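Worksheet: the structure to be examined is printed underneath.
Bear in mind that the values in this text are calculations on the coordinates, not laboratory data. This is a predicted model, so every value here is computed, not measured. All Cβ positions, even for glycine, are placed from backbone atoms using ideal geometry, and neighbour counts span all protein chains on display.
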Amino acid sequence: QVQLVESGGGLVQSGGSLRLSCAASGRGFDFYNMGWYRQAPGNQREMVATKTLIGNTNYADSVKGRFTIYRDDSKDMLYLQMNSLKPEDTAVYYCNANLGGVHYWGKGTLVTVSS
């Protein structure tokens, strides 16, 4: 089992940048596929970016070229670098760990992008 704690959210102006961090505790972080998801008010939770344990990445079309997901398995950390932020990126961002279809979630961190 793994526990996840997100940080790094906040208020930023359109065009700005933020870096989200996810600290994992528990066993076997490097065996998990990891990802970032987000949920805006009134919307369903959606995938933002994922990074598998072998390094494959996948991004939502809406963030391609602006966001970068990366992990540091030596520190049990997952990151999301977000550049050129837009108001439509406003959401609660959640860290996800997936092991064989079993999903673990953090409590989320709020990102607000003002126009």
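Quick one: how many residues across the stretch 77-101 are part of a loop (DSSP other than H, G, I, E, B) and surrounded by 18 or more Cβ atoms within 10 Å (Cβ to Cβ)?
First, pick out the residues of the stretch 77-101 that are part of a loop (DSSP other than H, G, I, E, B): 83-86, 90, 100-101.
The next check asks that each one be surrounded by 18 or more Cβ atoms within 10 Å (Cβ to Cβ); those that pass are 85, 90.
The qualifying residues number 2.
Out of all the residues in the stretch 15-65, which are of a type in the set (Asp, Glu) and touching an Asp or Glu at 6+ places or on another chain (Cβ under 9 Å)? I'd like the intermediate steps shown before the answer.
Residues of the stretch 15-65 that are of a type in the set (Asp, Glu), as a first pass: 30, 46, 61.
Listed by number, the list holds a single entry, ASP30.
Suppose we keep only residues that are in contact with a Ser or Thr (Cβ under 9 Å, 6 or more places away or on another chain) and aliphatic (A, V, I, L, M) within the stretch 102-115. Which one would you say is surrounded by the most Cβ atoms within 10 Å (Cβ to Cβ)?
First pass over the stretch 102-115, keeping only residues in contact with a Ser or Thr (Cβ under 9 Å, 6 or more places away or on another chain): 109-115.
Those still in the list that are aliphatic (A, V, I, L, M) too: 110-111, 113.
Values: LEU110: 12, VAL111: 22, VAL113: 20.
The residue in question is VAL111.
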